[in-house]
Amino acid sequence: MTHLSYVNENTDAWQTYLAQIDRVAPHLGELAYYLDTLKRPKRTLIVDVPLVMDDGSIQHFEGYRVQHNLSRGPGKGGIRYHPSVDLNEVMALSAWMTIKTAVLNLPFGGAKGGVRVDPSKLSTRELERLTRRFTTEISPIIGPQKDIPAPDVGTNPNIMGWMMDTYSTTQGHTVTGVVTGKPVHLGGSLGRVRATGRGVFVTGLEAAKKINLTIENSKVVVQGFGNVGSEAAYLFNQANAQVVAVQDHTGTIFNPNGIDIKALQKYVEEHRGLAGFSGAEPIDNEALWDVEMDIFVPAALEGQITVERAKRLTAKLVLEGANGPTYPAADDILIERGVTIVPDVICNAGGVTVSYFEWVQDMASYFWTEDEINQRLDKLMIQAIADVWAMADQKSCSLRTAAYILACERILIARKERGIFPG
Ligand code: NAD
């Protein structure tokens, strides 16, 4: 299959990315000559993952690893386990990683992987076998200097531990730097689990200052209450904002006086979802979009803010914890309505930034304290959003386009200086 045939199939997420890239072209000057390099992934691997189920039957799952661009360093990006994973989605997610690592000026390219599977339907042993077989299938193209996976939706530190162990077995020695987001005892970094949510909060504070929005007593709505959404909600709650509505795959809850986030975290841990939580009222899922709010944090899946929902959203500030939550046409509507959007490629970059710190610590076999990590994370995120804001002012464009300009300049300068082999 050629690149062009599959980029035209089943297109949402990848088309969203292409539309975002096209908006940058007029700002790139002579570097636009190289822009097509970002419109196709460098390397795409599709694997079959056969799994012997606990009952002795065999099931097959389709898995992917896409390396979108490696001009600035090894591939970096998570592994998603979800029933809707497909090549189109993984391609888009890998491309957003290319942009994200460049916005943060980390020495990585962009990659992403996934398996089309519902992990909640597997036993722990089945999940481990699936992970180990998938890792073996993609091991020819991953490695600490080649491509470094991490957790994403449906995966977690334990799964990263199995990936590290499986890859190490094939190499004959322990290779901690092959994945990030590992358990701390296996070379993981302190602060990694909470880093993405922290980054959403930190960039949110910076953006709020710029638009004169006071966090205290502001109303926050969070979609997705997993790794990213629950930490962002917790930090806003700690800063005396009121988290008035939360949605996850089990439903939507609302409390106009603010939800007790610590209690909700405990409940979700025990019940694997927020349905039934007594500290708020259940509301219709679609009613989430009409709740009165100052800040909206989409932290579930892509393609959530449609044109129709963008017209209804009352938020002044949207913090994209999720990757690709806003369709380009919806982006335009929000901007026209004066809503500030901190785009995913900077807002949720806290995770990949601490993943970078984890990789550096693994290389050096020397580990930092959580305070050191959080300080370095905050510093890089604050610098990155300041750079993006300055670019947006200079070019009179949205923060998203500004982030893409900054990233594309860095990536395409690397492309230009490396040259195109064999020339
Ligand atoms: P997670 O699996 O921990 O949580 C996902 C959350 O989304 C869960 O609360 C789930 O119930 C909810 N959800 C799933 N389907 C939903 C639906 N249809 N409607 C409403 N809620 C739904 O995943 P995560 O790691 O928190 O990732 C969330 C988003 O953040 C994804 O877009 C991911 O790519 C992005 N992201 C994650 C990281 C990270 O470090 N984990 C880093 C950058 C970006």
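The values are calculated or read from the model by the stated rules, or taken from the named source; none is laboratory data. Please read these numbers as outputs of a predicted model, since none were measured by experiment. Cβ atoms come from the backbone with ideal geometry, glycine included; neighbour counts cover every protein chain shown. Calculation scope for accessible area: heavy atoms of the full protein, side chains included, ligands and nucleic acids excluded. Shrake-Rupley method; radii C 1.70, N 1.55, O 1.52, S 1.80 Å.
Assorted remarks:
- Residues within segment 315-342 that are away from the ligand (no atom under 16 Å from the Cβ) and either of a type in the set (Phe, Trp, Tyr) or over 24 Å from residue 249 (Cβ atoms) (or both), tallied: 14
- Spans of strands (runs of 3 or more DSSP E) in segment 15-89 with at least 3 residues open to solvent by 20 Å² or more (accessible area, probe 1.4 Å): 43-52, 58-69
- Some residue of segment 404-411 being open to solvent by 70 Å² or more (accessible area, probe 1.4 Å) and either closer than 22 Å to residue 343 by Cβ or modelled with pLDDT of 95 or more (or both): no
- Selected residue (only one of 119, 157 is under 22 Å from residue 321 (Cβ atoms) and out of contact with any Ser or Thr (no Cβ under 9 Å at 6 or more places or on another chain)): 157
- So residue 302, is it within 13 Å of the ligand (Cβ to nearest atom) and in contact (Cβ under 8 Å) with a residue 24 or more places away in the chain: yes
- The residue pairs whose first member lies in segment 322-340 and is free of Cβ contacts under 8 Å to residues at least 24 places away in the same chain and outside any loop (DSSP other than H, G, I, E, B), whose second member is away from the ligand (no atom under 12 Å from the Cβ) and open to solvent by 20 Å² or more (accessible area, probe 1.4 Å), and whose beta carbons are closer than 7 Å, counting only pairs six or more residues apart or on different chains, are 329/307.
- Which listed residue, of 150, 207, is surrounded by 19 or more Cβ atoms within 10 Å (Cβ to Cβ) and closer than 26 Å to residue 43 by Cα: 150
- Flag: residue 93 matches the condition of being within 12 Å of the ligand (Cβ to nearest atom), at negative phi, open to solvent by less than 10 Å² (accessible area, probe 1.4 Å) and not small (Gly, Ala, Ser).
- Among the candidates 364, 392, 384, the residue that is surrounded by 16 or more Cβ atoms within 10 Å (Cβ to Cβ), without any contact (Cβ under 8 Å) to a residue 40 or more places away in the chain and outside the structural domain of residue 328 (by TED's automatic domain parsing) is uniquely 392.
- Qualifying residue in segment 266-275 (condition: touching a strand residue (DSSP E or B) at 6+ places or on another chain (Cβ under 6 Å) and away from the ligand (no atom under 13 Å from the Cβ)): no
- Residues within segment 179-215 that are without any contact (Cβ under 8 Å) to a residue 40 or more places away in the chain, assigned to a helix (DSSP H, G or I) and either within 13 Å of the ligand (Cβ to nearest atom) or outside the structural domain of residue 267 (by TED's automatic domain parsing) (or both), tallied: 3
- Segment 266-299, subset of a type in the set (A, V, I, L, M, F, W, C) and over 25 Å from residue 199 (Cβ atoms), residue surrounded by the fewest Cβ atoms within 10 Å (Cβ to Cβ): 287
- Subset tally (residues that are touching an Asp or Glu at 6+ places or on another chain (Cβ under 8 Å) and of a type in the set (Gly, Ala, Ser)) for segment 237-274: 3
- Search result, residues across segment 248-265 that are within 14 Å of the ligand (Cβ to nearest atom) and open to solvent by 20 Å² or more (accessible area, probe 1.4 Å): 248, 249, 250, 265
- Within segment 31-82, tally of residues that are out of contact with any Leu (no Cβ under 9 Å at 6 or more places or on another chain) and within 16 Å of the ligand (Cβ to nearest atom): 2
- Residue check for residue 310: away from the ligand (no atom under 12 Å from the Cβ), over 29 Å from residue 178 (Cβ atoms), part of a helix (DSSP H, G or I) and not assigned by TED's automatic domain parsing to the domain that holds residue 83: yes
- Failed condition for residue 218, given (1) open to solvent by 10 Å² or more (accessible area, probe 1.4 Å); (2) of a type in the set (Ser, Thr, Tyr); (3) more than 12 Å from the ligand (Cβ to nearest atom): (1)
- Screening segment 348-391 for residues that are more than 20 Å from residue 79 (Cα to Cα) and among the small types (Gly, Ala, Ser) and picking the one that is nearest to the ligand (Cβ to nearest atom) gives 384.
- In this structure, residue 170 does satisfy being modelled with pLDDT under 95 and farther than 30 Å from residue 255 by Cα.
- The set of residues in segment 222-247 being within 11 Å of the ligand (Cβ to nearest atom) and surrounded by fewer than 22 Cβ atoms within 10 Å (Cβ to Cβ) consists of 226 alone.
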